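What follows is a short report on a single structure.
Rule-based calculations on the coordinates, nothing more; no lab input. What you see is a predicted model, and the numbers here were worked out from it, not measured in a lab. In this analysis, Cβ positions are derived from the backbone assuming ideal geometry, glycine residues included, and neighbour counts consider all displayed protein chains.
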């Protein structure tokens, strides 16, 4: 029975996608648009996840990245020069909070918040710019060169945020936000170091 439901669901999804593609073609031909074409296909929700993250600080950082792919034979180097605009977010994962980490005594609450961690680190594509890209005379174009430079930039931005104190800032801001929440309920809050 479960297999039949799965097959029916897959068939329904395939029909919806086919109708979306067909409708996109029909609308394009009806409108007579002679420029660029965009096909309007269905958007499918693949997964819903629950998050327990309290993101408390965001650092915006820039870094110049020079990445060269040097080969042992003559013929020039493949090179990319990029200004990477990175975003690093940090906070605490409240899912790691255990019952023994909270102690309530009448009007006072003692809390041991989990240690702050980096929640997300990425490059802002609108702000990141490739300034120069060169391919050696006897070399072929390397399509992965820029992607490798981007990965290096993300790692460097993450390390830079750690060095700049993002985890300390995230801890302090998490305590301030959680403390404010309990104070609004009329409770005194004391934070215990992890």
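Taking 0.36 nm per intervening residue step and subtracting the Cα-Cα distance, what contour gain separates residue 127 from residue 105 on full extension? Before the final figure, lay out the partial values.
Details: separation 22, 0.36 × 22 = 7.92 nm, distance 4.98 nm.
Here the answer is 2.9 nm.
Sorted from fewest to most neighbouring beta carbons within 10 Å, what does the list 162, 79 look like? Mind showing how you got there, number by number?
Values: 162 15, 79 18.
Exposure proxy ranking, most exposed first: 162, 79.
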Notebook entry, point to check: What ranking of 80, 104, 130 emerges when the number of other C-beta atoms within 10 Å of each C-beta is taken as an exposure proxy, fewest first?
Noted result: 104, 130, 80
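With N set to the number of residues, divide the alpha-carbon radius of gyration of region 39-130 by 2.2 N^0.38 Å and report two decimals. Could the numbers behind the result be given before it?
Details: Rg = 22.3 Å, N = 92, 2.2 N^0.38 = 12.3 Å.
My calculation over the Cα atoms of region 39-130 gives 1.82.
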